[in-house]
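Asker: Pasting a structure below so you can have a look.
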Amino acid sequence: MSHVVGIDLGTTHSLVAALDSAGRPNLLTNRLGKRLTPSVVGLDAEGRLHVGESAREQLLVHPERTIAEVKRRMGRDLPVTLGDRRYSPTEISALILRALREDAERALGGAVTEAVVTVPAYFSDAQRQATKDAGELAGLKVERLLNEPTAAALAYGVNHLDAEQYVLVYDLGGGTFDVSVLEMFQGVLDVKASAGNNQLGGSDFDQALAAWLGAEFERAHGVSLAGNLAAQVRLKAAAEAAKIALTSVEATPVIIPFLAQGRGGSPASLEVEVTRARFDALITDLVRSTLEPMESALKDAKLSKKSIAEVVLVGGSSRVPLVRRLVAEYFGREPRDGVHPDEAVALGAALQAGLKTGAVSAAHGIMITDVCPFTLGVEVQATVGRERVGGVFSPLIPRNTTVPVSRTETFATTADGQRAVEIRVFQGEARLVKDNLLLDAYTVEGVPPGRAGAEKVAVTFTYDINGILDVTTRVVSTGKEATLVVDKRSQRLGPEQRLEAKERLAREWGAAPVSATPLSAPVPVAPPVASPEADADALLAAATERIATAPANVRPRLESLCNALREARAKNDRVTAARLDAELTDLLFDLG
Ligand SMILES: Nc1ncnc2c1ncn2[C@@H]1O[C@H](COP(=O)(O)OP(=O)(O)OP(=O)(O)O)[C@@H](O)[C@H]1O
Ligand SMILES: [Mg+2]
């Protein structure tokens with residue numbers, strides 16, 4: 001049997017979930033027994049590719065052959081160098097997806113060929129295409145691209161089926177920010193509006209703190225760290241650790257031994273204390289900038305903030321105290337922890353996969369709609385007084401229209417004897433196209449010459465549930481279609497190149513199986529053995545042995561976990577088994 005999984009392909013972490021036999025979504029664990037896999041790819045000294053924990057470990061020592069946060073480059077022509085190799089952002093994402101797929105197959109004990117993959121609601125067309133292509137390169141049919149806040153809303157909604165209320169999902173992750181406003185009614189989740197910023201997240205908090213730490217180092221030692229790649233990655237890692245500490249404590253020391261050479265050439269270390277107040281001051285503007293998309297989404301949904309019954313916080317960065325405080329201030333009350341901030345998106349993706357296969361709606365009676373978060377249109381000339389001005393944006397699909405949607409408009413020629421019409425497609429909210437994003441351009445040739453305005457060209461925009469736009473144009477009188485002249489997705493590969501890239505990646509990956517253990521630092525679980533069965537046997541044996549010596553208050557839980565795991569294995573319910581496996585591993589690790 002082949003499984004359809006839900007994948008949260010995050011900027012910093014990725015997660016995979018699947019439905020269990022009862023139709024409930026569960027997270028799968030990776031080869032290290034963890035639910036979160038760092039979205040990091042590295043090439044080691046032997047030319048082997050690593051994905052996940054081991055790649056993240058080497059980021060600090062070999063930044064020149066390691067890549068993190070590739071999601072921020074998706075859909076853009078920003079190639080990645082790993083040592084002497086070059087990859088596109090799509091190929092790096094494909095390597096991550098391939099590793100996730102293999103881990104999922106291992107957890108589920110069967111082939112995984114299809115997936116629902118989540119993307120930020122505010123991802124552009126090119127970013128979505130790139131994500132879809134990455135799936136294909138990884139040997140996964142991307143059954144659906146699902147917006148991340150919509151996925152989180154599904155995970156929330158499935159536990160609140162009787163609720164009739166408006167909900168706002170605030171999703172601040174490692175690299176992107178999304179906000180969605182939904183109406184819940186009798187199991188129907190209706191997305192009313194989405195807004196966001198696809199280049200804002202916790203990584204920007206790290207950057208802000210790292211810059212301050214760098215300045216402190218310079219103040220203490222008189223040496224600038226600008227351009228020192230090794231020092232910069234260490235600063236950023238230390239900044240992230242300090243940021244996470246400051247979520248629960250008021251002040252934390254940051255010590256980085258031998259960060260760079262001091263003035264006299266001797267090694268110089270960074271030693272400072274960061275207070276939460278200091279950190280808050282550094283990130284206030286960034287956090288405040290999330291308020292505007294919230295306003296805009298509420299306005300588009302024609303709702304006041306008072307009408308929002310529940311604010312659902314998602315994404316690791318929603319844990320930052322200042323974020324919670326500003327959101328609470330904005331709504332005049334505390335947000336509730338309705339869902340697990342790290343896990344909701346992947347769980348929602350698995351639910352969506354279940355909706356597709358029919359496994360979910362039967363059990364839960366849930367349905368969800370979505371919107372296109374930005375306006376899509378074409379460039380036209382407009383008459384202002386007696387003047388004709390070009391460069392005016394004429395919307396075809398206004399933002400926050402429910403999808404899928406198809407709209408056709410006709411445009412007339414503007415000059416006598418005109419034989420061709422250029423159709424330029426833009427995304428954005430500005431009145432002039434120069435302030436919007438050019439997506440594609442088409443030239444419609446073979447227009448029968450005539451007086452200005454005599455001939456008409458019909459333009460049809462079709463925006464599908466994956467958020468991907470298809471444009472067709474036609475001369476009304478002849479039926480002639482246009483040819484694409486500017487393809488802003490030109491970094492997309494053609495079918496043959498895709499096949500070539502797919503085979504090359506599979507070769508590079510296959511020739512070099514990822515090592516299961518990090519290159520440094522011990523892993524808190526036993527290295528994987530040959531098969532999941534053998535793994536589970538070993539785990540059960542270890543756990544059973546531990547029961548006798550475990551503290552009395554833990555013994556019942558240990559026993560019941562062992563029994564439940566045996567039962568799940570006997571029933572061949574691999575998803576439940578995988579979850580229990582992870583719980584048991586965690587517990588054993590805690591027991592030491
Ligand atoms: N306790 C914490 N306090 C503050 N920040 C945290 C905490 N835990 C995690 N984070 C931050 O959350 C971010 C990761 O969040 P998450 O895993 O939701 O993002 P992602 O899904 O990888 O990214 P995105 O959704 O933007 O693509 C990182 O910047 C991380 O430092
Ligand atoms: Mg995320």
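Asker: Considering only protein heavy atoms and a 1.4 Å probe, what is the carbon-and-sulfur percentage of the accessible area of the chain?
Answerer: Percent of accessible area from carbon and sulfur atoms in the chain: 51.
Asker: With runs of 4+ DSSP H residues as the only contributors, calculate the mean residue ellipticity of the chain at 222 nm using -39,500 (n - 2.57) per run, divided by the residue total and rounded to the nearest 500.
Answerer: Helices in the chain give a 222 nm mean residue ellipticity of -11000 deg cm²/dmol.
Asker: Separate question: Could you give me the ³J(HN,Hα) list for the range 6-14, computed from phi with Karplus coefficients 6.51, -1.76, 1.60 and θ = phi - 60°, whole Hz, x at Gly and Pro?
Answerer: For the range 6-14, the Karplus-derived couplings read x, 10, 9, 8, x, 5, 9, 10, 10 Hz, x marking Gly and Pro.
Asker: Please give the residues of the range 184-212, grouped as numeric ranges, whose backbone N is less than 15 Å from a label point set 7 Å along the Cα-to-Cβ vector of ILE465.
Answerer: The answer is 188-191, whose backbone nitrogens lie closer than 15 Å to the label point.
Asker: Calculate the length of the line joining the C-alpha centroid of the range 157-189 to that of the range 282-298, in whole Å.
Answerer: Their Cα centres are 18 Å away from one another.
Asker: Past the 22 Å Cα-Cα mark, which pairs from LYS71/LYS502; LYS192/LYS299; LYS192/LYS434; LYS192/LYS243; LYS356/LYS571; LYS434/LYS456? Could you put the intermediate results ahead of the total?
Answerer: Numbers: LYS71/LYS502 19 Å; LYS192/LYS299 10 Å; LYS192/LYS434 28 Å; LYS192/LYS243 34 Å; LYS356/LYS571 25 Å; LYS434/LYS456 25 Å.
Check vs 22 Å cut-off fails for LYS192/LYS434; LYS192/LYS243; LYS356/LYS571; LYS434/LYS456.
Asker: Dipole size in debye (nearest 20) for the chain around its Cα centre, Lys and Arg Cβ +1, Asp and Glu Cβ -1?
Answerer: 740 debye
Asker: So, one more: First check a/c for the range 532-591, with a ≥ b ≥ c the square roots of the eigenvalues of its C-alpha gyration tensor; if it is under 1.5, answer rounded, and if not, answer prolate when a/b is larger than b/c or oblate otherwise.
Answerer: prolate
Asker: Along the charge dipole of the chain, which of ALA242, GLN418, GLY222 sits closest to the positive end, that is, farthest toward it, with unit charges on the beta carbon of Lys, Arg, Asp and Glu (+1, +1, -1, -1)?
Answerer: Most positive-ward Cα: GLN418.
Asker: Which whole-angstrom value gives the distance between the alpha carbon centres of the range 310-348 and the range 210-249?
Answerer: With the range 310-348 and the range 210-249 each reduced to a Cα centre, they are spaced 27 Å.
Asker: Just to be sure I understand the model, the point goes 7 Å from the Cα along the line to the Cβ. What's the resulting ARG336 to ALA226 distance in nm?
Answerer: So the label points at ARG336 and ALA226 sit 5.0 nm apart.
Asker: Any idea what angle helix 574-591 forms with the longest principal axis of the chain, computed on alpha-carbon atoms, 0 to 90 degrees, nearest 10?
Answerer: Once rounded, the angle reads 50 degrees.
Asker: Tilt of helix 344-357 relative to the longest C-alpha principal axis of the chain, in degrees (0 to 90, nearest 10)?
Answerer: That works out to roughly 70 degrees.
Asker: ³J(HN,Hα) across the range 244-256 via Karplus (A = 6.51, B = -1.76, C = 1.60, θ = phi - 60°), whole Hz, x for Gly/Pro?
Answerer: 5, 4, 5, 5, 10, 10, 7, 8, 8, x, 10, 10, 10
Asker: I'd like the distance separating the alpha-carbon centroids of the range 377-406 and the range 1-58, in whole Å.
Answerer: One Cα centre to the other: 43 Å.
Asker: Turning to a different aspect of this structure: Keeping all protein chains in place, calculate the accessible area per residue for the chain (probe 1.4 angstrom), answer in Å².
Answerer: Roughly 44 Å² per residue, with all protein chains present.
Asker: Please give the helix 202-221 orientation as an angle from the longest Cα principal axis of the chain, in degrees from 0 to 90, rounded to the nearest 10.
Answerer: Value to nearest ten degrees: 70.
Asker: Still on this structure, I have one more. Give the residue from LEU439, VAL459, THR472 lying farthest towards the positive end of the charge dipole for the range 430-484; charges sit on Cβ (+1 for Lys and Arg, -1 for Asp and Glu) and the dipole is referred to the Cα centre.
Answerer: The one lying farthest along the dipole's positive direction is VAL459.
Asker: Among 211-219, 114-122, what's the highest-first ranking by average C-beta atoms within 10 angstrom per residue?
Answerer: Values: 211-219: 17.2, 114-122: 26.7.
Most protected by this proxy first, the peptides run 114-122, 211-219.
Asker: Please sort 80-90, 102-112, 537-547 by packing, taking for each peptide the average over its residues of neighbouring beta carbons within 10 angstrom, highest first.
Answerer: 102-112, 80-90, 537-547
Asker: Going by amide H atoms built from the backbone, whose H comes under 5 Å of the H on LYS192, apart from near neighbours?
Answerer: Residues meeting the amide H criterion: VAL181, LEU182, GLU183.
Asker: Suppose every K and R has +1 on its Cβ and every D and E has -1 on its Cβ; what is the size of the dipole of the range 202-285 about the Cα centre, in Debye to the nearest 20?
Answerer: In total the dipole reaches around 240 debye.
Asker: Let me ask something else. Antiparallel versus total DSSP beta bridges in the chain: what percent is that, nearest 5? Please list the in-between numbers first.
Answerer: Numbers: 85 of 107 bridges.
Restricted to the chain, the bridges split so that about 80 percent are antiparallel.
Asker: To make sure I understand the rule: partners must be aspartates and glutamates, Cα under 16 Å from the Cα of LYS141, and not fewer than 8 residues away in the same chain. Which ones qualify?
Answerer: ASP8, GLU91, GLU102, GLU105, GLU114, ASP133, GLU503
Asker: Under 19 Å between alpha carbons, and skipping anything fewer than 8 positions from LYS305 in its own chain: which aspartates and glutamates qualify?
Answerer: Qualifying aspartates and glutamates at Cα under 19 Å: GLU164, ASP171, ASP178, GLU183, ASP190, GLU292, GLU295, GLU329, GLU334, ASP337.
Asker: Show me the ranking of peptides 317-328, 8-19 by mean Cβ neighbours inside 10 Å, starting with the highest.
Answerer: Going by the mean number of other Cβ atoms within 10 Å, highest first, we get 8-19, 317-328.
The values are calculated or read from the model by the stated rules, or taken from the named source; none is laboratory data. Computed from a prediction, not measured in an experiment: that's the story for all the values here. Here Cβ is always computed from backbone atoms with ideal geometry, including for glycine, and neighbour counts include all displayed protein chains. Accessible surface is based on the protein model in full, side chains and every heavy atom, while ligands, DNA and RNA are left aside. Shrake-Rupley method; radii C 1.70, N 1.55, O 1.52, S 1.80 Å.
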